[in-house]
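Contents: one structure, followed by commentary.
The values are calculated or read from the model by the stated rules, or taken from the named source; none is laboratory data. Being a predicted model, the structure only gives us computed values, none of them experimental. All Cβ positions, glycine included, derive from the backbone under ideal geometry; neighbour counts span all protein chains shown. Just so you know, the surface numbers come from the protein's heavy atoms only, side chains and all, with ligands and any DNA or RNA stripped out. Shrake-Rupley method; radii C 1.70, N 1.55, O 1.52, S 1.80 Å.
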Amino acid sequence: MKALVFKGPGEKAWETVPDPVIKEPTDVIVRIDSSTICGTDLHILKGDVPAVKPGTILGHEAVGTITELGAAVTTLAVGDRVLVSCISSCGRCSYCREGHYGQCTGGGGWIFGHLIDGLQAEYARVPFAETSVYKIPDELTDEQVLFLADILPTGYEVGVLNGQVEPGDTIAVVGAGPIGLAAIMTARLRTPAKIIAIDLADTRLARALDFGADIVINNGSEDPIARVMELTGGRGVDTAIEAVGVPETFELCTELIRAGGRVANVGVHGCSATLHLEKLWIRNVLITTGLVDTFTTPLLLKLIEGGRLDATPFATHRFQLEDTMEAYEVFADAARTEALKVVLSALPVEPLQVAAETPAVAHA
Ligand SMILES: NC(=O)c1ccc[n+]([C@@H]2O[C@H](COP(=O)([O-])OP(=O)(O)OC[C@H]3O[C@@H](n4cnc5c(N)ncnc54)[C@H](O)[C@@H]3O)[C@@H](O)[C@H]2O)c1
Ligand SMILES: [Zn+2]
Ligand SMILES: [Zn+2]
């Protein structure tokens, strides 16, 4: 089969590799129908995730069809269409028993495109299949559910739920990339009174308005703290969601919240940030961090099925799976291409209108 193989920092190739085979009785083999690229894949390619060994197939988000079952798999069948999530669950360790699949100690957690071969490929071996994949209702398209594999549960669990967003709250989301936008989209499920999006890029802020932000602040041209205080009567926001992953934005979040407020950090940080306890100790703040567990995937799937949540606007570009190399170029150059998520499809695809070519209508 063909797959996108990590060849070491800065190098990757779409090349022929051996077909995956069942190794454990709890495995299934899935034919990948749709996959996508994550910002984390770009981090891996930069060499920021040394656990990923050269030769690993990248990708941790896909929709596929089961082609082969391990001997112990009884609740799935060949032909089932399934969501393959960024997080796998052994279903047996104490973390998995509590729904904290991201912290699985039984061989699951974030493994695809990290510790084992991933999903930007024609086929994939999926471990712990019965406790890790989600069957997709027939009436839903791949694109309707694909973003449940990572960004939607991440934005919802690590941003909105950790940040304890309640009806009537005013929240700030710092960073309006796919993760920040997913936090904005899923925050609306909890009816905050106002959502403020903060980013350095006006193009991203425009998308934030499309995804449900009420007010946008470009912190490159405006003082975000002064503006947030003005918008909240000098109080600060109830919850600030950090969706960038740099020290400045974490520190900014701690300054945007009211006394008793919450900072939900979603960003992946590569260097230390300062926690100003000398200012914060007296303000009863809550600060949370997290790797997504994906325990809300079934809930989010029901909301998509019920028409309450539509994740399709995240898809800005479509490519054939075999054009994954080109898709990486477009995804990595988001400032120019305005890419949010690129869909890699095994079937022939209709190209989407690229946002950069039609600035007035960024998505359907
Ligand atoms: N915790 C988790 O489980 C988890 C899962 C997936 C991704 N992440 C992390 O979430 C973060 C966001 O991911 P993404 O894919 O949306 O990234 P992205 O790079 O596409 O988006 C980041 C956004 O932040 C903006 N930005 C950069 N510097 C800024 C600054 N100083 N002030 C304001 N805005 C700034 C950029 O313009 C961009 O729009 C990353 O750190 C990613 O690694 C975490
Ligand atoms: Zn990811
Ligand atoms: Zn486990």
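Does ALA187 satisfy the condition of being within 12 Å of ligand 1 (Cβ to nearest atom), of a type in the set (A, V, I, L, M, F, W, C) and either open to solvent by less than 50 Å² (accessible area, probe 1.4 Å) or in a loop (DSSP other than H, G, I, E, B) (or both)? It would help to see each step written out before you state the result.
On the way: within 12 Å of ligand 1 (Cβ to nearest atom): no; of a type in the set (A, V, I, L, M, F, W, C): yes; either open to solvent by less than 50 Å² (accessible area, probe 1.4 Å) or in a loop (DSSP other than H, G, I, E, B) (or both): yes.
For ALA187, the condition - within 12 Å of ligand 1 (Cβ to nearest atom), of a type in the set (A, V, I, L, M, F, W, C) and either open to solvent by less than 50 Å² (accessible area, probe 1.4 Å) or in a loop (DSSP other than H, G, I, E, B) (or both) - is not met.
Taking the stated definitions as given, is SER94 within 11 Å of ligand 3 (Cβ to nearest atom) and either surrounded by fewer than 22 Cβ atoms within 10 Å (Cβ to Cβ) or among the β-branched types (Val, Ile, Thr) (or both)? For SER94, the condition - within 11 Å of ligand 3 (Cβ to nearest atom) and either surrounded by fewer than 22 Cβ atoms within 10 Å (Cβ to Cβ) or among the β-branched types (Val, Ile, Thr) (or both) - is met. A count restricted to region 122-179 and to residues that are of a type in the set (Gly, Ala, Ser) and within 16 Å of ligand 1 (Cβ to nearest atom) stands at 8. VAL158 satisfies every condition listed in (1) more than 16 Å from ligand 3 (Cβ to nearest atom); (2) within 17 Å of the chain's Cα centre (by Cα); (3) open to solvent by less than 20 Å² (accessible area, probe 1.4 Å); (4) farther than 30 Å from THR232 by Cα except (4).
Consider region 233-289 and keep the residues that are of a type in the set (Gly, Ala, Ser) and at positive phi. The one that is nearest to ligand 2 (Cβ to nearest atom) is GLY245.
Restricting to region 275-297, and then to whatever is in a helix (DSSP H, G or I) and either of a type in the set (Ser, Thr, Tyr) or open to solvent by less than 60 Å² (accessible area, probe 1.4 Å) (or both), can you tell me which residue is farthest from ligand 1 (Cβ to nearest atom)? In this case the residue turns out to be LEU280. Picking from residues in region 103-119 that are in contact with a strand residue (DSSP E or B) (Cβ under 6 Å, 6 or more places away or on another chain) and of a type outside the set (A, V, I, L, M, F, W, C), the one that is nearest to ligand 3 (Cβ to nearest atom) is GLY108. Cβ separations smaller than 6 Å between residues 6+ apart or across chains give the following pairs from region 33-45 residues that are open to solvent by 20 Å² or more (accessible area, probe 1.4 Å) to residues that are modelled with pLDDT under 95 and within 11 Å of ligand 1 (Cβ to nearest atom): HIS43/VAL49. Quick one: in region 252-268, of everything that is under 18 Å from GLY168 (Cα atoms) and small (Gly, Ala, Ser), which residue is surrounded by the most Cβ atoms within 10 Å (Cβ to Cβ)? The selected residue is ALA264.
Taking the residues in region 91-121 that are polar (S, T, N, Q) and in contact (Cβ under 8 Å) with a residue 24 or more places away in the chain as candidates, determine which candidate is farthest from ligand 1 (Cβ to nearest atom).
Of region 91-121, the ones polar (S, T, N, Q) are 94, 103, 105, 120.
Applying the additional criterion that residues be in contact (Cβ under 8 Å) with a residue 24 or more places away in the chain yields 103, 120.
On the way: GLN103: 11, GLN120: 16 Å.
Here the residue is GLN120.
Looking at LEU146, is it touching a strand residue (DSSP E or B) at 6+ places or on another chain (Cβ under 6 Å), open to solvent by less than 20 Å² (accessible area, probe 1.4 Å) and more than 13 Å from ligand 2 (Cβ to nearest atom)? Outline the logic, then answer.
Details: touching a strand residue (DSSP E or B) at 6+ places or on another chain (Cβ under 6 Å): yes; open to solvent by less than 20 Å² (accessible area, probe 1.4 Å): yes; more than 13 Å from ligand 2 (Cβ to nearest atom): no.
When the stated conditions are applied, LEU146 does not pass them.
Screening region 58-154 for strands (runs of 3 or more DSSP E) wholly inside it with 2 or more residues that are at pLDDT 95 or above and farther than 23 Å from ALA327 by Cβ returns the ranges 62-69, 133-135.
Among the residues making up region 298-320, those that are assigned to a helix (DSSP H, G or I) and either open to solvent by less than 20 Å² (accessible area, probe 1.4 Å) or not acidic (Asp, Glu) (or both) are PRO298, LEU299, LEU300, LEU301, LYS302, LEU303, ILE304, THR312, PRO313, PHE314. A single member of LEU69, LEU76 is out of contact with any helix residue (DSSP H, G or I) (no Cβ under 7 Å at 6 or more places or on another chain) and either open to solvent by 10 Å² or more (accessible area, probe 1.4 Å) or within 14 Å of ligand 1 (Cβ to nearest atom) (or both), and it is LEU69.
With the requirement that a residue be more than 14 Å from ligand 1 (Cβ to nearest atom) and either surrounded by 22 or more Cβ atoms within 10 Å (Cβ to Cβ) or within 20 Å of the chain's Cα centre (by Cα) (or both), what does region 53-65 give you? Can you show your working first?
Here is the first cut: in region 53-65, the residues more than 14 Å from ligand 1 (Cβ to nearest atom) are 53-58, 62-65.
Matches in region 53-65: ILE57, LEU58, ALA62, VAL63, GLY64.
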